[in-house]
Amino acid sequence: MTDAPLKLFNSLTRSLEVFEPVHPGEARVYSCGPTVYNYPHIGNMRAYVFADVLGRTLSWKGYTLTHVINITDVGHLTDDADAGEDKMEKMAAEKAQSIWDIAEHYKQAYWADVRALNIRQPAQWTVATDYVPQMIEFAKGIADKHCYELESGLYFDVSTVADYGRLARANTEEGEGRIEAVEGKRNAADFAIWRKTPPGESRQMEWDSPWGKGAPGWHLECSVMSGEVLGFPFDIHTGGIDHREIHHPNEIAQNQAHCCTNGLDDPRNSGARIWMHNNFLVERSGKMSKSSGEFLRLQLLIDRGYHPLAYRLMCLQAHYRSELEFSWEGLGAALTRLKRMVMAVAPLAEVEPQRGTAHPKFAPAEAKFAEAMADDLGTPIALTALEEALATKKVDAGIKRGVVEAMDAVLGLNLFGLTRADLRIRPKAATITEAEIEAALARRKEARAAKDFAASDAIRDELAAQGVEVMDGDPLGWEWKLG
């Protein structure tokens with residue numbers, strides 16, 4: 001099932017490439033993590049579902065995976081480009097709380113979403129403030145040849161490295177339009193790797209450095225943490241497509257300077273052999289923005305009665321490089337699809353899985369799954385292969401469970417850890433309790449036994465009005481009706 005060579009799309013070369021690890025038998029992956037100044041929205045979480053599927057696929061292919069995700073708790077500005085206030089300092093001031101408390105609260109909230117989406121724990125979470133001494137040393141090592149100092153900080157001169165901005169390609173000019181204009185910068189795209197605390201001000205997070213008291217730039221953090229933990233060059237660097245325009249080109253420039261490498265015709269000179277980016281989640285109402293108040297975070301989906309793994313399935317239904325449009329109807333359809341899968345595995349719940357045992361009936365689905373995942377993580381087709389395996393009849397149950405478990409281990413839907421009752425999440429707006437629902441169903445059963453169908457229908461209508469769908473003949477009995 002794992003014979004097809006794994007091909008991945010490299011944003012740096014804009015081509016599909018066979019994965020060839022830097023270290024034989026190993027896969028070292030770094031993913032740009034969250035800035036913990038607010039709750040992540042579901043668009044943010046799409047990046048981690050993608051990175052998780054990538055990691056699961058590498059494990060399935062037999063590589064020893066070392067996956068690192070960073071936590072940015074300092075230095076990320078309000079604009080991803082290089083402008084505005086530090087997001088962490090700004091939120092701490094708005095909340096009148098310690099910046100350390102802000103970081104801890106939102107880090108834990110992010111980790112809760114990671115667990116809810118069945119995203120595997122990485123080998124290591126790297127927290128930016130734990131690496132500031134290494135960041136200063138990194139900056140010292142490249143400062144003489146590649147940086148210059150202004151009143152506001154130490155800036156990287158992008159003209160000192162070959163092929164700056166190759167990752168962004170045609171969008172470089174658009175990216176430069178988003179970059180902060182700072183008097184004295186040599187080039188529009190130059191960026192700060194150390195930001196000095198302005199005279200007369202103090203930050204909650206600041207450190208002494210050769211360039212004065214201040215804090216590291218966001219781009220510097222990722223270069224240092226990825227290099228420290230994984231070593232240069234490592235295999236794969238992931239992130240959202242928005243990082244492809246500025247953040248990742250700046251990381252690459254720093255990596256080139258640090259490693260004393262030449263141009264990017266050899267992708268390894270970028271610090272990572274392959275750069276991978278997931279596309280945007282699109283939501284038409286404007287609620288993806290964190291400035292909108294009730295923005296779309298995972299908890300809001302749960303409050304509406306949707307299991308978080310329905311959102312994971314929704315992500316898998318689109319290729320990671322395609323835009324994915326969010327709608328409540330689409331999420332409802334994903335939840336229905338997930339329920340069908342959970343119903344299909346229910347008869348296998350008590351069966352001992354037989355792994356690695358071939359069966360001709362499963363061969364087409366297994367081949368389809370393997371080919372899809374090896375072709376740049378083709379999850380939409382892989383999902384249909386999983387459903388074909390689930391629909392296969394008159395086969396040994398142990399073999400069937402083994403096949404389905406192997407596929408689910410890559411897709412991460414946790415099918416054998418779920419029941420349909422788990423998927424029946426009470427919407428926050430629901431006023432009726434489960435005990436009241438069960439009591440109403442008991443009264444309805446009595447009415448039906450007495451052939452009082454008018455009363456039976458009336459009870460059913462009353463429940464429907466409160467968001468409860470009665471399912472006659474179904475062992476589950478009822479579900480919340482999502483409308």
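The values are calculated or read from the model by the stated rules, or taken from the named source; none is laboratory data. The structure displayed is predicted, hence computed values, not measured ones. Backbone-built Cβ (ideal geometry, glycine too); neighbour counts: all protein chains shown. In case anyone asks, the SASA skips ligands and DNA or RNA and just uses the protein heavy atoms, side chains included. Shrake-Rupley method; radii C 1.70, N 1.55, O 1.52, S 1.80 Å.
Which distance in nm do the two modelled labels at SER202 and SER59 give, with both placed 7 Å along the Cα-to-Cβ direction?
If labels sit at SER202 and SER59, their model points lie 4.6 nm apart.
Charges on Cβ only, +1 for Lys and Arg, -1 for Asp and Glu, centred on the Cα centroid of the chain; of HIS67, PRO199, ASN414, which one is farthest towards the dipole's positive end?
About the Cα centre, the residue reaching furthest to the positive side is ASN414.
Enumerate the amide H contacts of ILE193 below 5 Å, restricted to partners 5 or more residues apart or on another chain; note that Pro and chain-start residues carry no placed amide H.
LEU154, TYR155, PHE156
So, counting K/R as plus one and D/E as minus one, what does the shell of residues with Cβ under 12 Å around VAL345 add up to?
In short, +1.
Starting from 0.36 nm per residue, how many nanometres of slack lie between GLU371 and GLN124 once their C-alpha separation is accounted for?
Working: separation 247, 0.36 × 247 = 88.92 nm, distance 3.01 nm.
Extra length from GLU371 to GLN124 when fully extended: 85.9 nm.
In terms of Cα to Cα distance under 20 Å, which lysines are near enough to LYS87, apart from those fewer than 8 places away along the same chain?
Straight-distance partners of LYS87: LYS95, LYS107, LYS196, LYS213, LYS287, LYS290.
Using each residue's phi in segment 348-359, evaluate 6.51 cos²θ - 1.76 cosθ + 1.60 at θ = phi - 60° and report the 3J(HN,Hα) Karplus result to the nearest Hz, with x for Gly and Pro.
9, 4, 9, 8, 6, x, 10, 9, x, 9, 6, 8
Mind checking the full-extension length gain between ARG340 and ALA442? Use 0.36 nm per residue of separation minus the Cα-Cα distance, one decimal, nm.
Values: separation 102, 0.36 × 102 = 36.72 nm, distance 2.66 nm.
In short, 34.1 nm is gained.
Name the residues whose placed amide hydrogens come within less than 5 Å of the amide hydrogen of THR64, ignoring near sequence neighbours (fewer than 5 apart) on the same chain.
Counting only residues 5 or more places away or on other chains, the set is GLU26, ALA27.
Hey, with R₀ at 30 Å, roughly what FRET efficiency would PHE453 and ALA429 work out to, going by the Cβ-Cβ distance, to 0.05? Numbers along the way, then the final one.
Details: r = 30 Å, r/R0 = 1.01.
In this case the efficiency is close to 0.50.
Given a 1.4 Å probe and every protein chain left where it sits, what share in percent of the accessible area of the chain is carbon and sulfur?
49 percent
Along the Cα→Cβ direction, 7 angstrom out, place labels at ASP472 and GLU137. What is the inter-label distance in nm?
7.4 nm
I'd like to know which of VAL53, PRO24, LEU331 lies farthest towards the positive end of the charge dipole of the chain, counting +1 on Cβ of Lys and Arg and -1 on Cβ of Asp and Glu.
My answer, from the dipole projection, is LEU331.
With r defined as the distance between the Cβ atoms of ALA465 and ALA188 and R0 fixed at 56 Å, what FRET efficiency is calculated, to the nearest 0.05?
For R0 = 56 Å, the calculated efficiency reads 0.40.
Using modelled backbone amide H atoms (1.01 Å from N, in-plane), which distant-in-sequence or interchain residues come within less than 5 Å of ILE71's amide H?
Result for ILE71 returns THR126, VAL127, ALA128.
Pop out the ³J(HN,Hα) list for segment 191-199 in order, Karplus 6.51 cos²θ - 1.76 cosθ + 1.60 with θ = phi - 60°, rounded to Hz; leave Gly and Pro as x.
Per residue, the Karplus-derived 3J(HN,Hα) values read 9, 7, 9, 9, 9, 6, 5, x, x Hz.
At 1.4 Å probe size, with every protein chain present, just tell me what the per residue accessible area of the chain comes to in Å². Walk me through the numbers on the way to the answer.
Details: 20570 Å² over 483 residues.
With all protein chains present, the chain gives 43 Å² per residue.
If you project the alpha carbons of the chain onto their three principal axes, what span does each projection cover, largest first, in Å?
89, 55, 35 Å, listed from the longest principal axis down.
What distance in nm separates the simple spin-label points at GLN354 and LYS95, each placed 7 Å from Cα in the Cβ direction?
About 5.4 nm, to one decimal.
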